[in-house]
Each structure stands twice: as structure tokens, then as C-alpha cells.
Amino acid sequence: MNPTRIGIIGGGYAGLTAAYELQKQGYDVTVLEKYGQWGGQAATLPILGTRIEYYYHHLFGSDRHILDLMDELGIGDQLRWIESKVGWYYDGRIYNLVTPFDLIRFKPVNLFNRIKLGLMYLYMGRAGNWKRYENITARDWILRYMGREIYEKFWGPLLRGKFGDLADQVSMTWLWGKIKVRGSSRQGAEAKELLAYPQGSFEIITRALVDRLEAGGADLRTNQEVVELVTDPQDPCRIAGVATKKETIPFDAVIATVPGYNMLEIAPPSLDGEYAEQLRSVRYQAAAVLLLVSKQSLSHIYWMNIADRTMPFVAVIEHTNYVPPSEYQGRHLIYVSNYMERDDPRYSMRATELFDLYAPHLKRINPAFDPSWIEKKIVMRAEAGQPVITCNYSERIPDHRTPIRGLYLANTLQIYPEDRGTNYSVRLGKNISSIVHEDLEGA
């Protein structure tokens, strides 16, 4: 056994994967998770005799990192591929948007622009050079090449719904990534989208990772909030361990998988200068997700984008239009998703308050909707729901190696040009483990 002790802050998929990979190299690994569950934003809660994610999840055809991990853990056969149903709500109507050809039927824009939209999807799904989109905002690119009607009636409402006042600053590379990953789940322009979901929720992946780590002797601790990164008293630029609310734990290396602003909150004064400025420069949109347990279905759509900014939410994901209601005692599970600044009043609302705000707008989606359908309301919040990726972001990505020797950062700021997701968190965990191993072997 390698006597080197490595501490990992955060028990999401990046942290657990990094721990798993380092354990295979023989390191003594400890994972400290702030909350009471493993899995990060893919953590699950018990519901109707099974489990479901706090925040809606699925896998794409291109998600090789997590699919390969499932195979390695012996659970690859517990994955099913399901045809998805994607829709667009605009001006009081739901439009099916499963294939690029469905865009031809998106009548809010004229026929010429519908063809342009379809071509944009086909082109972006195949375009491999993301750097060509990095120095222009999504807004400016769409206005320049697609036109104002497409921006105002299709992309603009979604960008404003997700990024609010920061929408006009979002890089076109971000939108390229979203289109490309969805295209990976189709085989050909006419094919429908296939998405993957684990039998029994993402909990089976999380549990398999945790079980493998525990079997290998890893020290896994939940409800352990790290409040300070501790440096060597003789060398403030070398990590010595971490302090929780209960104790100080010595480590030879520390990997932090927390958001940039959390890193700054626990960092010692020696983590300053340009690196700290890089962390401060990126803003996050918070996420507030309302999960509804309903006696009836809201629509026939699994993933419905809301392209109408008079609606106070950005998407409705009806999970049971993807995984059948029969697996949830015949009930329908509906996520109502929103992104906002952390000081937005909606972010601190209770579940009943959010539902009262949303209910009249759910009725716009389905005029038959009645609040009596809803048997349970649960609200989930994530402060760092979505990094706001602006132009030329590749020049400002913080390095995994921080200025403090032995201290490493691995979070969603470093997934670029792709967007956050469990697959890229697994990739991130593998990458950071290789970097740490390389440094420790060299030392």
C-alpha cells in the first residue's frame, strides 16, 4: 500500500471517480462530503418505493467515460436506452422537436428560417472545431447567421431563461456543445434520440463506486464540511491537510471538487493573485428545481424547453414520459426547472410557494391541469447550478494545479468546452487522478 494520503473534498462523481482511480494506484484515500449523501448533483432521494435524482438526469450516446465506468464496475447491463420526446413550448403551443426535420414544422418562424434552423442543428452536430465559436457570443452569432426572428422566437428566450441578465455574454461555444452532445444520441438526421437511464436510478452507479471504494479500504465520510485548507507552517505554499468543523486531517495532497467561490472561501491567503482572480471571474447561475408527484400527466413530452419568458421557469421535464409511471406506483414525476441569481426571491421560496407561482403557468401548458393532481412537492436548490461561460473562456480556465503545491482543483469550470454532466465529471475525476499520480511519482 502506498503510504501517501490523499484527501478529496466533495463526494460527487468527480470526487468519487478520482478516489477510485487513485485507490487503484495504491494510495490511501479519504473523501469528505459536506452533505449526507454521495453523488453530488446526481444524488437521489427515496420516492414511491424506488429512488429518483434530485436533479433530472440521463445519459447520451457519446457519454463513453461513464458508460465505460459502469462496465468496469460490473453494472453496464443495468442500463436501458429509451427513445426520448423533446418539445418546445412557444406562444401557447407545444411543438415536437425530436429530429432536425421537426424544426420544419416549427411554425412560429417562417419556412425559410425553419430550414435554416434544421441546417444549423445538422451542421453544429458535426462541427468539431469549437474554437471558431469562442470569440463570439451566442446572441451575436445567431443574429449574424440565423437572423433576428430565429433569435427572438427560438434561442433568445432559452438563453435569457437560463442565464438571465448574463445571457448576452454567453459564448457560442457553450451552445455548440449543447447541440453537439444531443446530436450524438441520434444516428442520422431522421433518427429519433435515444437516451440512457440506469435501472433503479443513478443510485446504482453511485452505490457501485462507493462499495468498490469501501471494499478497497477508502475512508469515506459524509456530513464532513471542510472549512479550511491547511498549509505547512514552515511553507505556506505547500498543502498539509484540511480542517473540518470537528478536526484537522493531515494529507500529502488534496483535491477540491468544489465550485470556485467555495474554493476561495476555504483557501489560505497564499492562494491569491492571478489564480484567485480566475476563480472570481466566473459567475454561476443557481438552480431551483421543483419536483411534483402527480396523479396525472401534464403532457406527452419528456423534455420541454419553455421559449416563453412570460413563464417563470425555463423547462419542464416529465420523467415518467421517459421512464414509465408503472415504475413509480402509477404516479407521474414532473420536474419544473429554473436558473437564476442566488439573490433572486424564487431561489429561497418553499416548495408550496414555488408551486403557487408556477401552477397558473402549468395550466397554460395543459388547460386541464388542476392543483389537486399534485400529491407531493419537493424543492431542490444548487448554488452552482450552471457556470456562465463567456467569450474566450479557454484563456481563463484555472489550472488543476493550484499555486499551493499538493493542492488541486477539479470542478465544472474545467470541463470546457463541454457543459457540466456526470459523464464529464467522471472524465474530470480520471484526469485529476492522473495529474496527482504523476506529480507524486515525480516527487
Considering region 342-358 alone, what residues qualify as being in contact (Cβ under 8 Å) with a residue 12 or more places away in the chain, loosely packed, with under 15 Cβ neighbours inside 10 Å and within 16 Å of residue 373 (Cβ to Cβ)?
-> 352
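Hey, could you check region 2-32 for residues that are of a type outside the set (Ser, Thr, Tyr), in contact with a Gly (Cβ under 6 Å, 6 or more places away or on another chain) and not in a strand (DSSP E or B) and say which is surrounded by the fewest Cβ atoms within 10 Å (Cβ to Cβ)?
Let us first name the residues in region 2-32 that are of a type outside the set (Ser, Thr, Tyr), namely 2-3, 5-12, 14-16, 18-19, 21-26, 28-29, 31-32.
So of that shortlist, the ones also in contact with a Gly (Cβ under 6 Å, 6 or more places away or on another chain) come out as 2, 8, 12, 14, 18, 23, 31.
Among the residues that remain, those that are also not in a strand (DSSP E or B) are: 2, 12, 14, 18, 23.
Details: 2: 15, 12: 24, 14: 30, 18: 30, 23: 20.
Among those residues, the one meeting the criterion is 2.
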Could you figure out which of (1) at pLDDT below 90; (2) in the same structural domain as residue 178 (by TED's automatic domain parsing); (3) surrounded by 14 or more Cβ atoms within 10 Å (Cβ to Cβ); (4) outside any helix (DSSP H, G or I) isn't true of residue 89?
-> (1)
Hey, any hits in region 408-425 for a residue that's at pLDDT 95 or above, among the hydrophobic types (A, V, I, L, M, F, W, C) and more than 15 Å from residue 259 (Cβ to Cβ)?
-> no
One residue from 342, 381 being in the same structural domain as residue 318 (by TED's automatic domain parsing), under 29 Å from residue 181 (Cα atoms) and touching an Asp or Glu at 6+ places or on another chain (Cβ under 8 Å) = 342
Return only the number of the condition from (1) among the small types (Gly, Ala, Ser); (2) farther than 23 Å from residue 338 by Cβ; (3) modelled with pLDDT of 95 or more that residue 359 does not satisfy.
-> (2)
With (1) at pLDDT below 95; (2) part of a helix (DSSP H, G or I); (3) crowded, with 21+ Cβ neighbours inside 10 Å as the list, and residue 206 as the residue in question, which single condition is left unmet?
-> (1)
Considering every residue within region 414-421, establish whether at least one is closer than 21 Å to residue 127 by Cβ, more than 13 Å from the chain's Cα centre (by Cα) and assigned to a loop (DSSP other than H, G, I, E, B).
-> yes
Of 359, 382, 368, the only residue that is assigned to a helix (DSSP H, G or I) and at negative phi is 359
Pair list, Cβ under 8 Å, 6 or more apart: region 418-436 residue closer than 22 Å to residue 390 by Cβ and touching a residue at least 24 places away in the same chain (Cβ under 8 Å), other residue surrounded by fewer than 24 Cβ atoms within 10 Å (Cβ to Cβ) and among the acidic types (Asp, Glu) | 421/63; 424/418
Has region 116-134 got any residue that is among the small types (Gly, Ala, Ser), within 30 Å of residue 323 (Cα to Cα) and in contact with a Phe, Trp or Tyr (Cβ under 7 Å, 6 or more places away or on another chain)?
-> yes
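The values are calculated or read from the model by the stated rules, or taken from the named source; none is laboratory data. No experiment lies behind these values; they were computed from the predicted model shown. FYI the Cβ positions are ideal-geometry reconstructions off the backbone, even for glycines, and counts take in every protein chain you see.
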